[in-house]
1. Grab the DSSP H runs of the chain that are 4 residues or longer, score each as -39,500 (n - 2.57), total them, divide by all residues and round the 222 nm result to the nearest 500 deg cm²/dmol.
2. Return the carbon/sulfur percentage of the accessible area of the stretch 305-458, one whole number, probe 1.4 Å, all protein chains in place.
3. Can you tell me which lysines have their Cα less than 18 Å from the Cα of LYS68? Leave out same-chain residues fewer than eight positions away.
4. Taking the Cα centroid of the stretch 257-311 and of the stretch 387-458, what is the distance between the two, rounded to the nearest whole Å?
5. Report the dimensions of the chain along its three principal axes from the alpha-carbon atoms, largest first, rounded to Å.
6. What's the Cα-based Rg to Rh of the stretch 348-398, Rh via Kirkwood?
7. Could you work out the per residue convex hull volume over the alpha carbons of the stretch 134-190, in cubic angstrom?
8. Please tell me the relative contact order of the stretch 327-458 in percent, rounded to the nearest whole number, where contacts are Cα pairs under 8 Å and at least six residues apart.
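The values are calculated or read from the model by the stated rules, or taken from the named source; none is laboratory data. Given the structure is predicted, the values throughout are model-derived calculations rather than measurements. The area values use the complete protein model at the heavy-atom level, side chains included, leaving out ligands, DNA and RNA. Shrake-Rupley method; radii C 1.70, N 1.55, O 1.52, S 1.80 Å.
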Amino acid sequence: MSKKAPVQKNDYIDEAVFEDLTHDGNGVTKVDGYPLFVPNALPGEEGRVKVVKTSKGYGFGRLSERTKDSPFRQEPPCPIYRECGGCQIQHMTYEGQLEAKEKNVKAVMQRIGKLHDLHVHPVLGMEEPWRYRNKAQVPVGEKDGRFVAGFYQKRSHEIIDMDKCIIQYEKNDEVIQHVKEVCEKLEVRPYDEKNHKGTLRHIMTRTAYTTGEVMVVLVTRTPELPHKKAIVDALIENIEGLKSVVHNVNSKRTNVIMGDTTRVLWGEEVIHDYIGDVKFAISARSFYQVNPEQTKVLYDKALEYADLQGEETVIDAYCGIGTISLFLAQKAKKVYGVEIVPQAIEDAKQNAELNGMANVEFKAGPAEVVIPDWYKEGIKADVLVVDPPRKGCDEALLNTILAMKPKRVVYVSCNPATLARDLRILEDGGYKTAEVQPVDMFPQTMHCEAVAKIELVE
Ligand code: SAH
């Protein structure tokens, strides 16, 4: 139902009222039902808007004056917030952020899922919604003859130097500063993206939440990293908890951060972290949740919804390095995990071994192919867990679930819109969504995770 624009570029709207927040943090105001997206405007606020762009269905505006503030408005604590774009809602108090996320989840459940009497709980947030990220990756470059490392300026490829990011662990900030200093001192050439010249492209660091172990990864364009011994010596001296220094080579012209060649320069190939009682080995290339404190909250909720008594067969679809699978295996008879990235499955198998868990089996492949095959072989889950990427579950997988009829489905989602769409399909096929629990894994951003408990209607 797209509408022709009732306003033109450069028009002013004098008494705009903001009702909603989009998934990228823009305020929404409507002119005769036509939505205009306006940066830095919060629900409940009012002001004067200049129209900057219109297209069929929606347009964009700029706030030229704000006449009424939201009670949730605050001064963004980060000095580089506006330039960076990594966070979208620092201009809102944390209380306001949680409320907005709850409202968004409820709205899509109704609008997309047509789930009108569904119980959506208030978002489980963090006590301290700062300094929560365990992993930093910063691009390196040169600006006005100076070595810079920080972030790409919003909508550009210009690198802005940064000395701290307040959603990162302080340790990560400290590590990045040490690496920068030593590489600058030893005159390691920063990468020049335009001409595809220079050496150091990215600095990545990951600090394990429970053990404090630190990994540093230096990504270069060139096969060799000059002065590597001196770099490693300086890092050992300066970084407490350092366990691993890794060199990765990425010689391609690409936005992808890491290349195919990875070698350990010093220490171990992995660092270790725990989620609850389960131990994980994390290598430079492994996918690992970036907010481990909230990951525990999310997985505890998934485990609660799975309601395992010890005799169940469980399938964990989209299992990554097996984090949820191993968490569930503590309480289940048998867990089968499936994931499309073969390296992640190798990690999952090693993690099962590390924890001495013999009741898990992993297979690499698309969930929508592997699970139907398992079903044909006679493997039937009592409980099925899915944790798909943003686009949600493949329809073939949902159809297999409807045929297999597990007693319960636990759906872990990073995108409430596709969650709502898939819940509708499951409900139409004989399931009922009992409840949805949103969990805030990414404070200061608009992202919101949610877990749903879905039961087979007998
Ligand atoms: N459950 C894991 C990972 C979730 S992220 C954790 O909590 O850490 C989603 C995962 O789905 C990614 O690892 C991605 O590689 C995988 N994936 C994407 N498409 C897939 C498909 N069609 N079949 C199986 N896995 C897929």
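1. Details: 10 runs with 117 residues, N = 458.
Roughly -8000 deg cm²/dmol at 222 nm, from the helical runs in the chain.
2. Accessible surface attributable to carbon and sulfur in the stretch 305-458 totals 50 percent.
3. LYS68 reaches LYS30, LYS50.
4. Between the Cα centres of the stretch 257-311 and the stretch 387-458 lies a distance of 22 Å.
5. Projected onto the principal axes, the Cα atoms of the chain cover 67, 66, 37 Å.
6. Values: Rg = 12.7 Å, Rh = 12.7 Å.
Ratio of gyration radius to Kirkwood radius: 1.00.
7. So the per-residue hull volume is 78 Å³.
8. Reported relative contact order: 19 percent.
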